[in-house]
1. What whole-number value in Å² describes the accessible area per residue of region 14-166 for a 1.4 Å probe?
2. Please state the Cα pair-distance histogram of region 89-155 with 5 angstrom bins from zero: what percent is in each bin?
3. Starting from the Kirkwood Rh over alpha-carbon pairs, what translational D in µm² s⁻¹ does region 1-132 have by Stokes-Einstein at 4 °C and 1.567 mPa s?
4. At 0.36 nm per residue, and after removing the present C-alpha to C-alpha distance, how many nm does the segment from Thr104 to Ser85 gain when stretched out fully?
5. In deg cm²/dmol and to the nearest 500, what is the mean residue ellipticity at 222 nm of the chain if only DSSP H runs of at least 4 residues count, each as -39500 (n - 2.57), divided by the residue total?
6. By the gyration tensor of its Cα atoms, with a ≥ b ≥ c the square roots of the eigenvalues, what is the shape of region 202-278: rounded for a/c under 1.5, prolate for a/b over b/c, or oblate?
7. For Kirkwood radius over Cα pairs in Å, the choices are [x] 21.5; [y] 20.0; [z] 20.6; which was calculated from the structure?
8. Between Ala151 and Val64, how high is the FRET efficiency from 1/(1 + (r/R0)^6) when r is the Cβ-Cβ distance and R₀ = 45 Å? Nearest 0.05.
Amino acid sequence: MPAGVGGALLTSPDELRSVDGRLDVELVAAAGSIDWDGGRRFATTYNGTVPGPTLRVRPGDTVVVTLRNELTEATNLHTHGLHVSPDGDSDNVLVMVGPGESHTYTYKIPTDHPSGTFWYHPHHHGLVAPQLSGGMAGVIVVEDALDELPAMQATVERVLVLGDPALGADASVLEVNQMQRMQGREGDQVLVNGQVRPRIAATVGVVERWRLVNASASRYYRLSLGVVMHVVAGDHGRTSAPIEVDDVLLTPGQRVEVLVPFDGPVTFVLRTAAVDRGGMGGGMGGGMAGGMGGSVSAAADLLVVEVVDDGSAAQ
């Protein structure tokens, strides 16, 4: 695909929002084929999509998730970054949900929980990497009064989940050799919301707010856009003030929120530079170690942003 030319328009994950302090969700973990670049490919999914649905909640909410396992192997669920109990039927990664079984998780989000971007994925020891690489991930958004400020309400918000599956017709794509285990598995194609180099249609004068999540097992992303981005939140919560950056590094499991202003009708490309992952460590664990020396996450174009002037921008 030539530089600056995108594929299909970006699609957003389905969204489920809490009502009156509660959100009830069923997540079905299953393997199968999904639409892919005019054909089909193998994937592991939540509710048949990659990524799974976005869960949008508020501090003080109760979130009840029934996980139904239709895989041929055990799985479970981890809410990455949420400040909730790790015990009992809450965010307990020692729970095992066998094939054909279900388990109901109840997450009580504290009333003082910080707003921000979080995510969920499987965390059963020994099977995290293949299930995550296959596509089992989804975003959790916690909103509070900060999100209701006029400046934030005026932005265009997008959830952008970065993944890198191995491509093929069946479950054999999840198999890795010993060297891949040691270096950290990386897939064949980098995707945004399960799409190859999708397009965004942006408007001059409208600030976009991107919630970026690295849902890859081992790949690092050093992201740049050719325009200054303003970091407003990361793994440790909101920044005290926006931080201007030309690029941002996301290691496996990390997330960041950036504000992106577009001042003129230009086409931008969100790119990741090549990143040397260094020695052992840096992956998400459970077979996702981040590399024996010399392992490099390759450069790639991820997303095309076509900025147009609809005449509404201030003159």
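The values are calculated or read from the model by the stated rules, or taken from the named source; none is laboratory data. Just so it is clear, the model here is predicted, and its values are computed rather than measured. Here the Cβ positions follow ideal geometry from the backbone for every residue, glycine too, while neighbour counts run over all protein chains shown. We work out accessible area using only protein heavy atoms, side chains counted, and drop any ligands, DNA or RNA first. Shrake-Rupley method; radii C 1.70, N 1.55, O 1.52, S 1.80 Å.
1. 41
2. 3, 12, 17, 21, 15, 12, 9, 6, 3, 0
3. Rounded, D is 80 µm²/s.
4. So the extension gain works out to 5.4 nm.
5. Result for the chain: -1000 deg cm²/dmol, rounded to the nearest 500.
6. oblate
7. Label [y] holds the value from this structure.
8. Efficiency at R0 = 45 Å is approximately 0.85.
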